[in-house]
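Derivation of every value follows stated rules applied to the coordinates shown; laboratory data play no part. Computed from a prediction, not measured in an experiment: that's the story for all the values here. A quick note on method: Cβ atoms are made from the backbone with ideal geometry, for glycine too, and the neighbour counts reach across all protein chains shown.
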Amino acid sequence: MVRLQKFLADAGVASRRTGEQYILEGRVKVNGQVVRLLGSKVDPVHDQVLVDNKSVQAKKLVYVALNKPVGCVCSRKDELDRPTIYELLPREWETVQSVGRLDYNSEGLIFLTNDGQFALRLTHPRYGISKKYLVTVEGEVTPAMMQLFKQGIFHEGERLRALSAKIISGTRAKSVVELELGEGKNREVRRLFESQAVTVRKLQRTQIGKIRLGELKPGKWRTLNAVEIKTLISDL
């Protein structure tokens, strides 16, 4: 069961606020009865909903986990005509949008959905859903640098901070570091290392909330199951 105004928003009829207005104006019927009470709930599968006597069908919501490969962008159209992540998905999923972004040279886990509320909750700073990254950089990094990342730094007028930062391996030639971030600011991982004059060679997002990239191959996708979706929402 879902709230009637959410059902209308999910079906693409109106925003939640406009849907509430439709309900108050008596323009919405459920199983032949006018419903004017905000907060009323409907069964999207079994109940018949009409707006201005026109049937409203529940939109099938899609939740996708994709392993974005290097060399494609997260926009539907690119001015440089580069490949996009949408070319990796079935054609019928034309309404899905990426939840956040990964830049052209980054790879790893990204979600796509046609559920606007789900996307908003996962990207809005107030919810601070955490993300983990595996980063390969040039040269040897130090525990002191990891501590600095956890304390936070200022870069281009913005405070950047890692929730956790640990060295996985390191030599004089290169190091592998795992970072966990909570705010998702633009290019935050790369900017943290840029602030220390360290060059990033590979950046892979390995986890969002409790959902891990796992064995998903680059360029491949899978749908999130109901338990995973609930887990993501409950994290917020």
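Compute the Cα gyration tensor for region 2-56, then decide on rounded, prolate or oblate, letting a ≥ b ≥ c be the square roots of its eigenvalues: rounded whenever a/c is under 1.5, prolate when a/b is larger than b/c in the other cases, and oblate in all that remain. Before the final figure, lay out the partial values.
Numbers: a/c = 1.26, a/b = 1.09, b/c = 1.16.
Cα axes put region 2-56 in the rounded bin.
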Exercise. Quick one: which residues, 5+ away or cross-chain, put their amide H under 5 Å from the amide H of THR84? H built at 1.01 Å from N.
Key: VAL73
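Taking neighbour Cβ counts within 10 Å as the exposure measure, how do GLU178, GLU138 sort from fewest upward?
Details: GLU178 17, GLU138 14.
Result, fewest neighbours first: GLU138, GLU178.
Using a Förster distance of 45 Å, how high is the FRET efficiency between VAL34 and ALA197, based on the Cβ-Cβ distance and rounded to 0.05?
Numbers: r = 66 Å, r/R0 = 1.48.
The computed FRET efficiency comes out at 0.10.
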Quiz item: How would you rank 97-108, 146-157, highest first, on the average number of other Cβ atoms within 10 Å across their residues?
Solution: 97-108, 146-157
Practice problem: Give me the lysines in straight-line cross-link reach of LYS220: C-alpha distance below 29 Å, same-chain residues under 8 apart excluded. | Solution: LYS59, LYS60, LYS68, LYS77, LYS131, LYS132, LYS166, LYS174, LYS185, LYS202, LYS210, LYS230
Practice problem: Output the peptides 34-43, 191-200 sorted from most to least packed, where packing is the average of other Cβ atoms within 10 Å over each peptide's residues. | Solution: 191-200, 34-43
Self-check item: Alpha carbon centroid spacing (whole Å) that separates region 3-39 from region 169-236
Solution: 39
Self-check item: Total formal charge among the other residues, if their Cβ is under 11 angstrom from that of LYS174, Lys/Arg +1 and Asp/Glu -1
Solution: +1
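For the chain, what percent of Cα pairs sit more than 21 Å apart?
Values: 17546 of 27730 pairs.
Cα-Cα pairs of the chain separated by over 21 Å account for 63 percent.
Sorted by average packing, counted as other Cβ atoms within 10 angstrom per residue and highest first, what order do 13-20, 169-176 take? Don't skip to the answer; put the middle values down first.
Working: 13-20: 16.6, 169-176: 12.8.
Sorting 13-20, 169-176 by mean packing, highest first, produces 13-20, 169-176.
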Quiz item: Based on the Cβ-Cβ distance of ALA11 and ALA173, what FRET efficiency does E = 1/(1 + (r/R0)^6) give at R0 = 41 Å, to the nearest 0.05?
Solution: 0.15
